[in-house]
Structures are given as structure tokens and as C-alpha cells.
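The values are calculated or read from the model by the stated rules, or taken from the named source; none is laboratory data. Being a predicted model, the structure only gives us computed values, none of them experimental. Every residue, glycine among them, receives a Cβ derived from its backbone with ideal geometry; neighbour counts consider all protein chains shown. Keep in mind that these areas ignore ligands, DNA and RNA; they rest on the heavy atoms of the full protein, side chains included. Shrake-Rupley method; radii C 1.70, N 1.55, O 1.52, S 1.80 Å.
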Amino acid sequence: MPAGRRFASVVVAASAAVVPVAFTGTAGAVAAVRAPATGEASRAGAWGAAMTPPGLPSLQRGANPVESAVSVVSCASADNCSAAGYYSSRSRQGGGNDRGYVVNEVNGTWRHVIKIAGITLSPRGGGIVRPLSVSCAKAGECSVVGDYEPAPPPTPFHAFVASEVHGAWHAATAVPGMAALDHGGTADLGAVSCSSPGNCSAGGGYSTSSSIGQAFVVDEIHGIWHTAVKVPGITGLNHGGAAITEVSCVSSGNCSAGGD
């Protein structure tokens, strides 16, 4: 993060759907960018007043500096969206961690933010949780993916998935099969698409023991995440590093992915 910059969240909307987006401020606008994450709602094409996501200030209590961001968002229908991001927090031993959160809009009302559970960060601080993509097949049925670093470098990064089922967010879990692939400790999940509840596909990158980045994909079928696999055919193309950055699914088992 560049010196002198602070980050806050902004949620903006058009028509009847609320669409959160990340907002970055510079040191020249300290009053604005040091504020807690904010949300903004719109009805009938008119922008509503900004609001703080309910519950976020209490999660950030004791952190210095106070920073937060909405990283990703997906709306299943008008007035029903889910967003994910990070917030700064103070650890038990006084250090700072960047933790991940999710927040739902239900029938036009933003509910309390929820800390992404299931990820343990160092009590000494320096840990990072980064939600990188979210997709909602219908209201209350979403998946968020990303990566985390439990302690400061050289601690390896790990990829995670977390699912919302019937409106309840479950604890994040490791991606099945990544331990066998990611010998370089750089795993991340950068994209996810859900075509129906419990049926999603995601993609990202990892590194081999030779530190060459490789691309992988992983499927959730009927609510169960299956083993991650290296993208077929990528070995012959990849001479310096590869990763999946976009995924789109129209139905279960019918998806396309792209990357670099």
C-alpha cells in the first residue's frame, strides 16, 4: 500500500439494484478517506445518502490506522446483493491484521457485516485476508473466494472459499487439492461464478517448487467443492507464469475461464 494513502468503502447504485464498488482516496482528502467504510443506496435511479455498513466500526475498534474496503460485489436480484472486503483490526498482542468480511443487502436493507470465519491470523499481527471475487446465484446463495496470509512474509499465501447457504455464511475452508499443487506458497482464487445454488466454478493461480506460476480451476457441485486441477494444456503455453482471472458459468459444468 503506498505511503500516505488511506482506504474507505463506497457502495453505489443505479435503478433498483445496489452495486458496491471500491473507492480509493489519497492523502489530499484525509477527512474523506479516513472515514469508515460507507454504503450508498439508490431507488428509482436516484442516488441515496451514503451510510456506514452496520457493525463495521465495532469490528475496527482499536485499529490504527482505520482502513477498510469493499473489494467485490454480486447482486442476485434487485435489492438483494452480497459484498466482501477487508477491514483493519487490532490483534490480541497489539499488532494489526487485515481481516475479511461479507455484508448482505436483503430486500433493500444492508444487514450487519460478518467477519469471514475459519481463518486464523497471527496474534502478533501482519496477517491479511483478501476476498477477491464473489458470486450469487440467488438471494442468500453466494460464494466468496480469495486468499490469505496468516502472518507476515515469508509466510505462504493460501486460497480459500466461503459459501452462503440459505442466507447463512459458513466458515471459510481451504481449496481441496491445493496442498498437492502449491509448493511455492502463492495460491490464490481470483474469480468465481455460480450458475445455481451449490454449483460454482472458480479459478486462480499457484506456484510450483520451481516458483513458476500455474493456473488452476476448481468446481463446486451440489454444495461440495471438488479437487482443484491445473488448467489442461497450460503447460505447453506457460513459460513464465499463469493464472485464471475471470470465470463465467451459464449452468453447472458449462463455464469458460480466461487468464494470463
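Compared with the rule-of-thumb size 2.2 N^0.38 Å for a compact globular protein, region 123-190 has a Cα radius of gyration ratio of 1.21. Taking each residue as 0.36 nm, the span from Arg111 to His239 lengthens on full extension beyond its C-alpha to C-alpha distance by 41.5 nm.
Using Cα-Cα distances under 8 Å and only pairs 6 or more residues apart, what relative contact order does region 147-253 have, in percent? So the answer I get is 23 percent. With all protein chains kept in place, the per residue accessible area of region 146-229 amounts to 41 square angstrom at a probe of 1.4 angstrom.
Stretching the chain fully between Ser58 and Val165 yields a gain of 36.0 nm (0.36 nm per residue, less the alpha carbon separation).
Charges were assigned to the Cβ only: +1 to each Lys and Arg, -1 to each Asp and Glu. The resulting dipole of region 164-260 about its Cα centre is roughly 160 debye. Applying 1/(1 + (r/R0)^6) with r as the Cβ-Cβ distance of Ser77 and Ile224 and R0 = 25 angstrom yields a FRET efficiency of 0.45.
Ligands, DNA and RNA aside, Ile128 has an accessible area near 50 Å² when probed at 1.4 Å.
Using a/c under 1.5 as the rounded threshold, could you call region 156-256 rounded, prolate or oblate? The axes a ≥ b ≥ c are square roots of the C-alpha gyration tensor eigenvalues, and prolate needs a/b larger than b/c, oblate otherwise. Note, shape of region 156-256 comes out oblate.
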